Amino acid sequence: MDEKTISEFGIDGFTLMEIAGTRAADLIMSELPSASHGLFFCGKGNNGGDALVVARLLSQQGHSITICFLSGTDDLSPDAGKNLQLLEKLNADIDIIDWDEFTPGTFNYIVDGMLGTGLDSDVRAPYSDAIEWINQQEQPVFCLDVPTGLNSDTGQIMGASVQADFTLAFGALKKGFYLNEGFDTTGEVILCELSFPNKYKKPSAYLIDQNWVDQNTAVEKARKHKYDGGVLYIIAGSEGLTGAGILAARSAWSAGLGAVVLITPKGLLGIYEKQLEQIIKKPIGEVDDVYFKPTHLESVKNILNEKPGNLLIGPGLGREPETIRFIQELLLHYDGDAIIDADALFALSQQDDIKKPQSSNWILTPHPGELKTLTGKDLKEDHKRLELVKQLATDKNITILSKGMPGIVGTETGETYITGYDTRNFTRAGFGDVLAGKVSAHWLIYRSPEIACFKALLDGKSKADNYYSSHSGVLEPIDII
């Protein structure tokens, strides 16, 4: 975007640097009083030039400025060199030193303008030494565009990284802010818009934003009767694992559905009767059946054909060989919309390939371990998980909600979406079942698999935020239903 705006559109790099620096300076002034002393660490490239713009503007607003160049002032980038010349013309209260003569004095904040985007190798001295020193300070740290040492594409720390209090992102949010170590490194991320024409903006992913989701969600129409709008059928549970189906059913019901139907082996009916008063129960098989078997297929298909609706399959089903065959056979021939979760994902992984009926739409909701089992690929690094989710969703024409930190939603069109908030509160037993229930309900309500995933994720965040604002204890799964 930066290069094309300069070379094709005709806004020069020096102008873009001035805009970036102005917006960053405005933000810093909003956080600190005018008599503050700022300590600026600058590299030789345009990230250092951005810092010089900020230093110049703040010096004109009563700030005392100390600038430390990590590699001296020779061979600065052209725009950085020009901004250094402008600084020197001010005759203001500005000290300019090199790293080898740096002695910490009194200061109120730090600005990191050492290294920007494009870092692809570990940070070396003296930059690593400066990073270590900065991270030992208590004063607020403002990082320009990206914290020095953080890979802006992957979110990996390249040897060492500045720990930011604020990251002032120029022109666009960086994918690495939300992947791997990025979330814990960037602090509060603030977008500083630049004059990039929209035609040059090619997003690699989108943040899941509450306002955007609300604006793009159709208004629900009033139900004429409880079955109007469709029924959610849930196939869940086995002996010892009935809690998963209970959580999923309660979660779906609380979203406002008119009817939730739990299909259960007859041997488990008594448990669900005590726990799920509002949920319709449809027992199948014999009184001693406590898990699903291929012999149950016809009975289950008949129930699914009773009324239009969607299917949630997987919570607590277990991994009995007969249950796996039941799941595989049902999904191979079920031509409705299905949310495939938990043990149903495992059953899919036991096939050579994911085989979806052409008329069906699927949402898969794997956590990282399930995604690894499903694809056979080790996905410890989030940027690789993002790319795999995108590829799998487009190749198989399915929607994927990849649980974890961050949550990632992949769509059939190739667009991917990332949660921009901390999802680690939800890495506990039971939360996946609650999320599956919410996704299933929202899909019926809003008729869009993507909106269903967004709504469910944001709903969980909202309830967790409300809980933690009024409690000091541990969040239990029941609290976000």
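The values are calculated or read from the model by the stated rules, or taken from the named source; none is laboratory data. All values reported here derive from a predicted model rather than from experimental measurement. With ideal geometry, Cβ positions are generated from the backbone for all residues, glycine too; neighbour counts draw on all protein chains shown.
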### Message
The conditions are (1) closer than 24 Å to Leu207 by Cβ; (2) outside any loop (DSSP other than H, G, I, E, B), and Met405 fails exactly one of them. Which is it?
### Response
(2)
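Among the listed residues Ile400, Ile451, identify the single one that is in a strand (DSSP E or B), under 22 Å from Lys356 (Cα atoms) and not polar (S, T, N, Q).
Ile400
Scan the range 273-289 residue by residue and report those that are of a type in the set (Val, Ile, Thr) and either crowded, with 20+ Cβ neighbours inside 10 Å or closer than 22 Å to Lys438 by Cβ (or both). Don't jump to the end; show me each part of the working.
At the first step, the residues of the range 273-289 found to be of a type in the set (Val, Ile, Thr) are 279-280, 284, 287.
Within the range 273-289, Ile279, Ile280, Ile284 meet the criteria.
Suppose we keep only residues that are of a type in the set (A, V, I, L, M, F, W, C) and assigned to a strand (DSSP E or B) within the range 94-118. Which one would you say is surrounded by the fewest Cβ atoms within 10 Å (Cβ to Cβ)?
We begin by selecting, within the range 94-118, every residue of a type in the set (A, V, I, L, M, F, W, C); these are 94, 96-97, 99, 102, 107, 110-111, 114-115.
The next check asks that each one be assigned to a strand (DSSP E or B); those that pass are 94, 96-97, 110-111.
On the way: Ile94: 20, Ile96: 17, Ile97: 12, Ile110: 22, Val111: 27.
The extreme case among them is Ile97.
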### Of residues in the range 408-445 being assigned to a loop (DSSP other than H, G, I, E, B) and acidic (Asp, Glu), the one nearest to the chain's Cα centre (by Cα)
Asp422
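Any idea which of Gly270, Gly256, Gly245, Gly240 is assigned by TED's automatic domain parsing to the domain that holds Ile451 and either touching a Leu at 6+ places or on another chain (Cβ under 9 Å) or surrounded by 20 or more Cβ atoms within 10 Å (Cβ to Cβ) (or both)?
On inspection, the qualifying residue turns out to be Gly245.
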### Summary
Of Lys390, Lys377, the only residue that is free of Cβ contacts under 8 Å to residues at least 40 places away in the same chain and either farther than 21 Å from Cys453 by Cβ or not in a helix (DSSP H, G or I) (or both) is Lys377
### Message
With the structure loaded, tell me whether Leu312 is surrounded by 13 or more Cβ atoms within 10 Å (Cβ to Cβ), under 17 Å from Thr399 (Cβ atoms) and either of a type outside the set (S, T, N, Q) or modelled with pLDDT under 95 (or both) or whether it fails that test.
### Response
yes
### Query
Can you tell me which residue in the range 43-92 is nearest to Thr148 (Cα to Cα), limited to those that are of a type in the set (Asp, Glu) and not in a loop (DSSP other than H, G, I, E, B)?
Asp50
### Query
Tally time: how many residues in the range 124-161 are of a type in the set (Ser, Thr, Tyr) and either in a loop (DSSP other than H, G, I, E, B) or modelled with pLDDT under 95 (or both)?
4
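Among the residues of the range 161-182, what is the count of those that are farther than 21 Å from Tyr206 by Cα and of a type in the set (Ser, Thr, Tyr)? It would help to see each step written out before you state the result.
Residues of the range 161-182 farther than 21 Å from Tyr206 by Cα: 161-165.
Restricting the remaining residues to those that are of a type in the set (Ser, Thr, Tyr) gives 161.
Total meeting the criteria: 1.
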### Task
Check Thr106 against each of (1) modelled with pLDDT of 95 or more; (2) polar (S, T, N, Q); (3) out of contact with any Pro (no Cβ under 7 Å at 6 or more places or on another chain) and name the one condition it does not meet.
(1)
### Query
Looking at (1) at pLDDT below 95; (2) part of a helix (DSSP H, G or I), which is the only condition Ala35 fails?
(2)
## Note on the structure
Exactly one of Leu401, Leu386 is buried (at least 22 other Cβ atoms within 10 Å of the Cβ), of a type outside the set (Gly, Ala, Ser) and more than 24 Å from Leu312 (Cβ to Cβ), and that residue is Leu386
